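The values are calculated or read from the model by the stated rules, or taken from the named source; none is laboratory data. What you see is a predicted model, and the numbers here were worked out from it, not measured in a lab. Because the Cβ atoms are built from the backbone with ideal geometry, glycine has one as well, and the counts that use them run over all protein chains shown. Protein only, heavy atoms only, side chains kept; ligands, DNA and RNA dropped before computing areas. Shrake-Rupley method; radii C 1.70, N 1.55, O 1.52, S 1.80 Å.
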Amino acid sequence: MPELPEVETVRRSLLPHLLGTRIGSVRIHRRDICECRDERNRRTAPTPDRLLTGDTISSILRLGKQIAFIGESGRVVCVHLGMTGRLAVEASAAPRPRNPHDHVVWSLPHIRSLTFHDPRRFGGIWTFPSEAALRSQRWSALGPDALLLTGDHLASTLSSSTRAVKAALLDQSVAAGVGNIYADEALFSANIHPMTRCSRISPSQWHTLAPEA
C-alpha cells in the first residue's frame, strides 16, 4: 500500500501537468467510489461539476496518504489511493478503450487526461465545496503529517498508552501517512522493538524515533 513518501512523489509528479490547468470535462464510471459532501457535511450525489468540471487547479495539497486538488472556485477533490489506486496523466491522439478499473477520468487540454485507476477499490474520491470543509470534515480526524512529527508530540500523545508502539504509529489519528513498511524502518533505526508498550518508551527514545530537523 502506498505510504506517505510514495503519495508525495505522486503529488509532485502531477504538479507540472495539473497546476494552472483547466479541467474540460469529467467522466464518472463508478459512482460508488465517489463521496460528495456539502458545507453542512451532508452527502450529495457525485456529479461532474463537483469533481471540478470547468475549474482550474490552483494547488495540490497532501496530508498523510491523501491528495487534494483545489480549484480556483474553491471546490476540492480529495483522493485516497488505498492499496492499488493510481493517478495517471495520459496523452493520446485517439481515445483508448476504457479499462474497467478506470473509475474517474478528467479531460485536460492538449488531448490529455487524468485517470483514477483502482482495481481493488480500496481507495476512493471525496469532494468538498471548500478547503475549510475538507479540513473540518475529513482531515480533522488525521494527526500531524508524518514529515512534521516531533518526539515531543509522540511523547505527549502516546506515553500513557499501553498499545504496542508499532500499532500506535499506524493509527492515522496519531501520525498521518505512516504505514507498515516505514513504521518498521523507523523503529529499527531507533532500536525500539515494535511490540514495546508506548508507556515503556523513554522521552529520549521518542526523540530518536522522531528527531527534529
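Go through 133, 183, 155, 168 for me and flag whichever is in contact with a Phe, Trp or Tyr (Cβ under 6 Å, 6 or more places away or on another chain), part of a helix (DSSP H, G or I) and buried (at least 19 other Cβ atoms within 10 Å of the Cβ). The match here is 155. May I ask you to verify whether residue 123 is open to solvent by less than 60 Å² (accessible area, probe 1.4 Å), under 16 Å from residue 186 (Cβ atoms) and not aliphatic (A, V, I, L, M)? The answer is no for residue 123.
Selection of region 6-22 for residues being assigned to a helix (DSSP H, G or I) and either open to solvent by less than 50 Å² (accessible area, probe 1.4 Å) or farther than 24 Å from residue 180 by Cα (or both) yields 7, 8, 10, 11, 14, 15, 16, 17, 18.
With the structure loaded, tell me whether residue 204 is exposed (fewer than 12 other Cβ atoms within 10 Å of the Cβ) and under 26 Å from the mean Cα position of the chain (by Cα) or whether it fails that test. For residue 204, the condition - exposed (fewer than 12 other Cβ atoms within 10 Å of the Cβ) and under 26 Å from the mean Cα position of the chain (by Cα) - is not met. The requirement of being under 17 Å from residue 13 (Cβ atoms) and either assigned to a strand (DSSP E or B) or of a type in the set (Lys, Arg) (or both) is not satisfied by residue 70. As for region 105-120, it holds at least one residue that is charged (D, E, K, R) and in contact with a strand residue (DSSP E or B) (Cβ under 8 Å, 6 or more places away or on another chain).
The set of residues from region 62-97 being without any contact (Cβ under 8 Å) to a residue 40 or more places away in the chain and open to solvent by 30 Å² or more (accessible area, probe 1.4 Å) comprises 72, 73, 84, 90, 91, 92, 93, 94, 95, 96, 97. Taken over region 186-201, the criterion of being part of a loop (DSSP other than H, G, I, E, B) and open to solvent by 20 Å² or more (accessible area, probe 1.4 Å) is satisfied by 191, 193, 194, 195, 196.
Taken over region 19-43, the criterion of being of a type in the set (Ser, Thr, Tyr) and under 21 Å from the mean Cα position of the chain (by Cα) is satisfied by 21 alone. What are the residue pairs meeting all of these: first residue in region 161-176, first residue farther than 23 Å from residue 6 by Cα and modelled with pLDDT of 95 or more, second residue in a helix (DSSP H, G or I) and open to solvent by 20 Å² or more (accessible area, probe 1.4 Å), Cβ atoms under 7 Å, and 6 or more apart or on different chains? From region 161-176, the pairs are 161/199; 162/199.
Here's the yes/no breakdown for (1) modelled with pLDDT of 95 or more; (2) open to solvent by 20 Å² or more (accessible area, probe 1.4 Å); (3) among the polar types (S, T, N, Q); (4) touching a Pro at 6+ places or on another chain (Cβ under 7 Å):
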| site | (1), (2), (3), (4) |
| --- | --- |
| 38 | no, yes, no, yes |
| 41 | no, yes, yes, no |
| 44 | no, yes, yes, no |
| 49 | no, yes, no, no |
| 58 | yes, yes, yes, no |
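Of the set (1) under 29 Å from residue 42 (Cα atoms); (2) open to solvent by 50 Å² or more (accessible area, probe 1.4 Å), all apply to residue 103 but (2). Name the one entry in 187, 158 that is more than 25 Å from residue 61 (Cα to Cα) and in contact (Cβ under 8 Å) with a residue 24 or more places away in the chain. Just one listed residue meets the conditions, 158. Condition test on residue 125, is it among the aliphatic types (A, V, I, L, M), in a strand (DSSP E or B) and in contact with a helix residue (DSSP H, G or I) (Cβ under 7 Å, 6 or more places away or on another chain)? Yes: the conditions hold for residue 125.
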